Structures are given as C-alpha cells and as structure tokens.
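As structure tokens, the structure follows; a few thoughts come after it.
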Amino acid sequence: AKAEIVSKDFSVKGDVDANGKFSFDLKDKAVSLKYTADTQLRDTKLTGVPVFGVIDRINGKIYFDETKLWTDLLKGLAKGFDCVFSGTIKDYSNPRLNLTAKTDLDLGRLSELLPPEMKEKLKGYAFSGISKLSLNVSGLLKQQDKAPLAYVVTSDLLDCGVKTDFLDKPVKSINGKLVVKQDSLALKDISAFFNDKKYLLSGEITDLKAPSCDLALS
C-alpha cells in the first residue's frame, strides 16, 4: 500500500508491498526473534541517502532479516541518472553500508559526480562520449563526522573524446579505465588518437590537494 516513513534525516514515500516470515519460542523468551522479509518498491522515493541525497522512481525488491538489509537489483533515478543499485546494510546497532550504483554516463556530465578537488583540476577539460560507470560507497553510517564514507568511481571509457585548453586539436577514440577515489585518480590502459597518431597512457595522480603525478605516455 501507500507508504510514508519520515524521520529527521531520512524518508521513504511510495508504493510498498511486504511479505515476511517470523519464528520465535513461546516458552523461552531468551531465544531471539528470527525473521526474513522482502519488500517490493514501486515508484518509491528515498531522501537522506548518503552521497546520493535523493533516489527517485525506485522499483525493485529489498530483503532483510534480523542481521542485515540487502538488494540485488533496484532501479532508480539518482542525480539525474538512471541507475541500477545493489548492496547491503549490516549490523543494525552500528550499521555499515556497502552500496553500488551503475549507469551509462554521458561524460559531458562527469563533473556532477566528482569531488570538488577533482572538479577544480579538470575545469579546463571538456569530455564527450559514453562511459560505463560504477560508484561504490561504503563505511559506517553513524561515524561519518569522524570517518566519512569511502567511495570509488570506476569509469570504463568506450570510444570517448576530450578537448583541453592547451591542445589545438581534440583527443579522440579514447578507450580504457579511470578509477577515482577521494584523493586520487588512476588511469589504466588508456589508449587514444591525437593528430592521427596512437598514444598509450597509464599511471596515477595522488593527493589531489597537492597533486603528485606518476604517468607513463608512449
């Protein structure tokens, strides 16, 4: 039926159907309640989700028992992108999140997903093409002030392009993988064409506040 759950920092609104199984011992109260359940979400909206903020138009199933909550496949809209979600929340007393979102990303909008430090470093670059993108977020939900959630953005580039302020021609046919973390950017097996010549690039940029580069170009 229609569901609306609202707390200080989190809310759920939409259509939710639930099924559950419970078992407990009527004679021995020391035996803890055991249960399993699944919920079918239809066009549901979550607000207050770490990193994502709002996830809208959610459709799919969430499962939970007395120890954890998980999903293998949820479809929804996050930060304007159609995404597929999977992940878990374990240990309700001190919940630990591990959530992965995947989408086909228009690289012209890549900056919308990057941390502020990386946006500043890449503001002179214009990207084009589609990337298979995965965002993983993990960490303790109760201690974000002391230990912020960790994230990893993995971008598989398929025939993409980039224009920069310091090159008179664009770089074309870019293939390979980018891995972005809180303070680093790794380039793995990047190949591209510039001025009709093929180039190979790999390496890493670390400490984005005071960048250190270790790159190989051939």
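Filter the strands (runs of 3 or more DSSP E) completely within region 108-218 down to those with at least 3 residues that are not hydrophobic (A, V, I, L, M, F, W, C).
Working: elements: 125-128, 130-140, 150-164, 171-181, 184-194, 197-206, 212-217.
Because the criterion is at least 3 residues that are not hydrophobic (A, V, I, L, M, F, W, C), the strands (runs of 3 or more DSSP E) in region 108-218 that meet it are 130-140, 150-164, 171-181, 184-194, 197-206.
What pairs can you find where one residue is in region 133-156 and among the aliphatic types (A, V, I, L, M), the other is in a loop (DSSP other than H, G, I, E, B), and their Cβ atoms are less than 6 Å apart, with a gap of 6+ or different chains?
V137/V51; V137/L149; L141/P95; L149/P50
What residue, among those in region 63-106 that are of a type in the set (V, I, T) and open to solvent by 30 Å² or more (accessible area, probe 1.4 Å), is modelled with the lowest pLDDT? It would help to see each step written out before you state the result.
Taking region 63-106 first, the residues of a type in the set (V, I, T) are 67, 71, 84, 88-89, 100, 103.
With the extra rule that they be open to solvent by 30 Å² or more (accessible area, probe 1.4 Å), the set shrinks to 67, 84, 88-89.
On the way: T67: 87, V84: 95, T88: 93, I89: 90.
Per the criteria, the residue is T67.
How about region 46-62: which of its residues are at pLDDT 90 or above, crowded, with 17+ Cβ neighbours inside 10 Å and of a type outside the set (A, V, I, L, M)?
G60
Hey, can you tell me all the residues within region 191-218 that are surrounded by 12 or more Cβ atoms within 10 Å (Cβ to Cβ) and over 20 Å from P170 (Cα atoms)? Spell out the reasoning first.
Step one: list which residues in region 191-218 are surrounded by 12 or more Cβ atoms within 10 Å (Cβ to Cβ), which gives 191-194, 199-206, 208, 211.
Hits for region 191-218 are G203, E204, I205, T206, L208, P211.
For region 1-86, please list each of the strands (runs of 3 or more DSSP E) lying entirely inside it that holds at least 1 residues being more than 17 Å from the chain's Cα centre (by Cα), free of Cβ contacts under 8 Å to residues at least 24 places away in the same chain and under 22 Å from N136 (Cα atoms). Break it down into steps so the answer makes sense when it comes.
Working: elements: 2-6, 11-23, 34-49, 53-65, 68-78.
Output list reads 53-65, 68-78.
The values are calculated or read from the model by the stated rules, or taken from the named source; none is laboratory data. All values derive from a computational prediction rather than experimental measurement. No Cβ is skipped: glycine too gets one built from the backbone with ideal geometry, and neighbour counts run over all protein chains shown. Side chains included, ligands, DNA and RNA excluded: accessible areas come from the protein's heavy atoms. Shrake-Rupley method; radii C 1.70, N 1.55, O 1.52, S 1.80 Å.
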